[in-house]
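The values are calculated or read from the model by the stated rules, or taken from the named source; none is laboratory data. These figures come from a predicted structure and were not determined experimentally. Here the Cβ is made from the backbone with ideal geometry for all residues, glycine too, and neighbour counts use every protein chain on show.
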Amino acid sequence: MITLANNLKKRVTPEQLFMISVLAVNGGNYLYNLILGRLLGPAQFSDAAVLITFLLVLSFVAMTFQLVTAKFSVLFENQLFKSFVSKIYKNALIVGIVMGALIIGFAIQLQELFNTSSSSMFVIFGCGVPLYFLMSVNRGVFQGKKAFKALSMTYQFEMLSRLLVTLGLIFLFNIQSSVVIAMGILISFGFGLIPFKFKAIDLKLKSSLSVLQAKQVKQFFILTAFYELTQIIINNSDILLVKHYFESYEAGLYASLALIGRIVYFIAWMFVMLLLPTVVQLKKEGKETASILFKYVGYIAVISILIVLACLMFPETIIKLLFGNNYIAMAPLLWKYAMATSMFAISNIFAYYYLSLDTYIPVIISGVFGILQMILVIFYHDSLQQVVYMQIIAMALLLIIQLLCFKLDQRSV
């Protein structure tokens, strides 16, 4: 038995272990959302969906720091790396405190904007924002150094603690409140910092980056921040707009649809995590990078087709199994939403590939179509079906343009 375990360890690469871990984490996060959907019902789940969406928005903002850290953890070494990491931890902490304070300060306005039952949930959530930014820089170091075991642990601890704490509070005290969900999220941020090397941080350390290096970091940071903003718009604007324009019951139904349909995006994310440091390293060594892109696009395309077909053939079965009969009205829209998400997931691989290569145009294109999607939903939201159709139009156009850009880029090489 021990020999079998040792042989398995030798055959499974760190990257494969990380992919397995990401699947487990995504599965745990899905379980968390599904249980909340069943326990709370569509109307109350719409409040939970706002918090979960805020968590996703926060993850995209903090991802700017994670990706910048990951890239330059590959390029910088020794004292230069230590100086860079200390500076980015300091900046991340400042941004986290400012963002957290804004969420707390505008908690009442956020409650009114999104028609939630409580403003306290935003206050609790805002208290955890600085921790999340520190956690993201920590993950960026692990990602850049390809320390996939430690990287996996941070995601696992965050997911497990959020799942156990939230459900524990609900079942022990029989409180079905958005405040309980916010508490679970806050506590999970603390656990997500494990493992964390506090001694490696020196906030007083002066930067030893040259003018050129500092410019490279700043340029990549701005580009990444812009792209993550487009991710926020494309991934989350529909849920927030639906919560604003529709009644709580319909918003809860839509939240369940979005959760199921986005499974392909969450699967695609693990490939993005592997893609960026690999492409940066290959570029650093002067090697070709397109083959890595083809491999990951192929994976996502196959997974997307399978998920869309499953949603097309068994929509009612999927919704009943995951959320229950209360959400069955969304069955006809399931495969359509999954198709929109699939097109976005494939487009996303292209955008992150070019982001790794410091190429701007595909990133700007994503931003344009993210804004287009939001504008379409703002003007056309007579029904939930119309909202889904607007996203299909925007994402189809985005994918076509990204493919054309890649073809033109390859011709110029």
Could you please find all residues in the stretch 90-104 being surrounded by fewer than 21 Cβ atoms within 10 Å (Cβ to Cβ) and either touching a residue at least 12 places away in the same chain (Cβ under 8 Å) or among the basic types (Lys, Arg) (or both)? 90, 91, 93, 95, 97, 99, 101, 102, 103, 104
Positions within the stretch 30-71 being at pLDDT below 80, over 24 Å from residue 168 (Cβ atoms) and polar (S, T, N, Q), in sequence order: none
Check whether at least one residue in the stretch 255-278 is crowded, with 16+ Cβ neighbours inside 10 Å and under 22 Å from residue 112 (Cα atoms), and report yes or no. yes
Per-region count, the stretch 114-167, residues part of a helix (DSSP H, G or I), out of contact with any Lys or Arg (no Cβ under 9 Å at 6 or more places or on another chain) and more than 18 Å from residue 278 (Cα to Cα): 31
Can you report the number of residues in the stretch 232-272 which are within 22 Å of residue 293 (Cβ to Cβ) and of a type outside the set (A, V, I, L, M)? 5
Which one of these does residue 145 not meet: (1) surrounded by fewer than 21 Cβ atoms within 10 Å (Cβ to Cβ); (2) under 30 Å from residue 245 (Cα atoms)? (2)
Within the bounds of the stretch 367-378, is there any residue that is assigned to a helix (DSSP H, G or I) and within 25 Å of residue 283 (Cβ to Cβ)? yes
I need the full set of residues from the stretch 108-131 which are among the small types (Gly, Ala, Ser) and buried (at least 19 other Cβ atoms within 10 Å of the Cβ), in order please. 126, 128
Is it true that residue 82 is within 20 Å of the chain's Cα centre (by Cα) and modelled with pLDDT under 85? no
Residue pairs qualifying under the 9 Å Cβ cut-off, at least six apart or on distinct chains, with the first in the stretch 314-337 being surrounded by 17 or more Cβ atoms within 10 Å (Cβ to Cβ) and the second being of a type outside the set (Phe, Trp, Tyr) and assigned to a loop (DSSP other than H, G, I, E, B), are 337/262
Working carefully through the options 188, 118, find the one that is more than 21 Å from residue 78 (Cβ to Cβ), at pLDDT below 85 and hydroxyl-bearing (Ser, Thr, Tyr). 118
Looking only at residues in the stretch 375-402 that are closer than 22 Å to residue 327 by Cα and of a type in the set (S, T, N, Q), which one is farthest from the chain's Cα centre (by Cα)? 383
Quick check: is even one residue across the stretch 245-252 within 22 Å of residue 22 (Cα to Cα) and part of a helix (DSSP H, G or I)? no
